[in-house]
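Just so it is clear, none of the values below were taken in a lab; they were calculated from the coordinates. The shown structure was predicted, so the numbers you read here are calculated from the model rather than taken from an experiment. Note that we place each Cβ from the backbone using ideal geometry, even for glycine, and neighbour counts take in every protein chain shown.
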Amino acid sequence: MPELPEVETIKLQLNSVLHGLIIKDVRILKPKSFIGSKEDITGEKIIGLRRFAKILVLDFKNGLSLAIHLKMSGQLVYRGKKQPKNLHIADPLLLSLPNKHTRVIVDFSNGDMLFFNDLRIFGWMRIVKSQTSNLKPQNLEGKYIYLDNLVKNLGPEPFKDLTLNVFRKILKLSNKPVKAVLMDQERISGVGNIYANDSLFLSGIHPKRKATELSVYEINKLYVNLLKVLRDGLKWGGASENNFRDAFGEMGKVQEHFYVYGRDKEKCIRCGETIRKIKLGGRGTFFCPVCQP
């Protein structure tokens, strides 16, 4: 599932090409993937893009927004006048769009297009109200939920409101395994399996250890390393070991720099011991038995 660095990468790229564009049409190829009436955003101008944890939001001038969650296998791919030249497209399915996994196509008045692809059809696009003023026409009142209600249960987010003091309180109040706490979106938003695994490795903390048992020193170290792996994720454009592709269809490079994630039975980069894989909370969990006792 795309995590904070992947969705932020897409947000930054799309902001550079979609800001100010006007929606001409929304072609819904899979009704399950689009919630709302496309007519309510047709003809509307995009005035901003935001991100809340793993949710991308396109804001329109009429007070509505289009919230997008990629879930496990979603992709947002832009094709138009501002796409970079000499793209390196590794996935043959992205060389010709739409493809068999395209669920929604957003057409813009200038001829540009945004393709929402989703192999497993878990992701969604959903129209929400972004504000109470400037809402037109007035009969939209009561038709859509507010964006605030969609994101209200998200926990504090790294680089925003997840301070060290807040991080300490979150961990000290939970008896769950520390990896589960890092991935709980209601406690800490935006962090998923990849960056939880690698931040725990850098911190020398076993993923099964109870969060409440960590020392102040370990918590401080984990906080620093969590921010580090997320920053590195942004620097390398996200992780593309599975379905993630950036807004232009290119692969990120984080998978070339994994510390333990996805490296089952490989040698630890620190001590040479064999990396092990277990199941924790239903997710594949990777650790070094020597470096993370």
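Conditions tested, residue by residue: (1) in contact with a His (Cβ under 7 Å, 6 or more places away or on another chain); (2) of a type outside the set (Val, Ile, Thr); (3) farther than 24 Å from Gly192 by Cα.
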| position | (1), (2), (3) |
| --- | --- |
| His19 | no, yes, yes |
| Ser37 | no, yes, yes |
| Arg50 | no, yes, no |
| Ile89 | no, no, yes |
| Gly111 | no, yes, yes |
**Asked** Among the residues of segment 173-205, how many are basic (Lys, Arg) and under 24 Å from Ile275 (Cα atoms)?
**Response** 2
**Asked** Of the residues that make up segment 9-21, is at least one surrounded by 15 or more Cβ atoms within 10 Å (Cβ to Cβ) and not in a helix (DSSP H, G or I)?
**Response** yes
**Prompt:** For residues in segment 174-217 being assigned to a helix (DSSP H, G or I) and among the acidic types (Asp, Glu), which is nearest to the chain's Cα centre (by Cα)?
**Reply:** Asp198
**Request:** Quick one: Leu171 ticks every box in (1) over 26 Å from Asn243 (Cβ atoms); (2) part of a loop (DSSP other than H, G, I, E, B); (3) in contact (Cβ under 8 Å) with a residue 24 or more places away in the chain except a single one, so which number is it?
**Result:** (2)
**Prompt:** Going through segment 93-111 one residue at a time, which ones are touching a strand residue (DSSP E or B) at 6+ places or on another chain (Cβ under 6 Å) and small (Gly, Ala, Ser)?
**Reply:** Ser109
**Prompt:** Only one of (1) out of contact with any Phe, Trp or Tyr (no Cβ under 8 Å at 6 or more places or on another chain); (2) free of Cβ contacts under 8 Å to residues at least 40 places away in the same chain; (3) surrounded by 14 or more Cβ atoms within 10 Å (Cβ to Cβ); (4) more than 30 Å from Phe115 (Cα to Cα) is not met by Gln255, so which one is it?
**Reply:** (4)
